[in-house]
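Trainee: Dropping the structure in here first, questions after.
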Amino acid sequence: PAYMGELDSQAASLLRHLSLRQARIIALSLTPEGAGLAQRLIDEVLISEGYQSGQDYVNLGYFPGEAAGIRALRFLTPHFQTQTFDGMELDEALDFNDGERFELGDMALVAVLTSDDDNLRWWVEQMTALEGELETELPLLAGVSAAIEALVRPYYDMESPQIDGLVVGLAGAADYELALEQEDGPAHALLEAQLVGQGAVLALIVAAVLLYGVFRKGESDE
């Protein structure tokens, strides 16, 4: 929740982009509060595009266990869970393939949104292991807060990158909106407000320095 300004904007653009491709979407969270935040964005973005729960998207809710929870994704079924976040029976919700249960190997893309570098590391490690087990490629994208950019850049900038795409902070979310031709998107509004705030702080610092200089000069003249 503390990073909603950055990550919400990234997630909203990602959902819009996927809806343009008419992609089926499965959401989940490694933190208890994340499932509700995901559902709010689903309601705001996907429902308005005509998406229906269990037909076009599924919110699996909270997956506990951190890295071990990601391992359970191979069959998209935590042992304790029988329903999706909005109360649909899990087996019914994951029946995307005309009777065949949807599994991790059927996915075309995995996207991780996080403000915690450990969280991203778990995904990178476990997705790499699962790719070997499933004998398939699972492209991994990451949207992260600006605070952890320096820690996650090596995953993307190395010679053999472990993530296939990276969006960083509010500026990255605004760039994503531009790519989707949404110049009036929420990231732009937040970025403009942030720039105005930074400008105001800078003006206050300059004013304080000038006033300090005036007082110092007055004291020296005495």
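Trainee: If you bin the C-alpha pair distances of the stretch 1-95 every 5 Å from 0, what whole percents do you get?
Mentor: Whole-percent P(r) values from 0 Å outward: 3, 13, 24, 24, 21, 13, 3.
Trainee: Using only C-alpha atoms and all pairs of different ones, pull out the Kirkwood radius for the stretch 1-57 in Å with one decimal.
Mentor: Roughly 11.6 Å, rounded to one decimal.
Trainee: Residue by residue through the stretch 52-66, which ³J(HN,Hα) values in whole Hz follow from phi under the Karplus form 6.51 cos²θ - 1.76 cosθ + 1.60 (θ = phi - 60°), with glycine and proline marked x?
Mentor: 10, 5, x, 10, 10, 8, 9, 9, 6, x, 8, 10, x, x, 6
Trainee: Further question: Would you work out what percent of the accessible area of the stretch 1-140, with all protein chains in place, is carbon or sulfur (probe 1.4 Å)?
Mentor: So the carbon and sulfur contribution to the accessible surface is 47 percent.
Trainee: Using the Kirkwood radius over Cα pairs, work out the Stokes-Einstein diffusion coefficient for the stretch 114-156 at 10 °C and 1.306 mPa s, in µm²/s as a whole number.
Mentor: D, rounded to a whole number, is 144 µm²/s.
Trainee: When Lys and Arg each count +1 and Asp and Glu each count -1, what net charge do the other residues less than 12 Å away from Ala38, Cβ to Cβ, add up to?
Mentor: Net of charged neighbours comes to -4.
Trainee: Which part of the stretch 100-119 falls in the paramagnetic zone of Met158, meaning amide N under 16 Å from the point 7 Å along Cα-to-beta-carbon?
Mentor: 117-119
Trainee: Under 5 Å between amide H atoms, partner at least 5 residues away or on a different chain: which partners does Thr31 have, H built in plane at 1.01 Å?
Mentor: Distant-sequence amide H within range of Thr31: Phe63.
The values are calculated or read from the model by the stated rules, or taken from the named source; none is laboratory data. All values reported here derive from a predicted model rather than from experimental measurement. Every residue, glycine among them, receives a Cβ derived from its backbone with ideal geometry; neighbour counts consider all protein chains shown. Side chains are part of the model used for accessible areas, which takes the heavy atoms of the whole protein and leaves out ligands, DNA and RNA. Shrake-Rupley method; radii C 1.70, N 1.55, O 1.52, S 1.80 Å.
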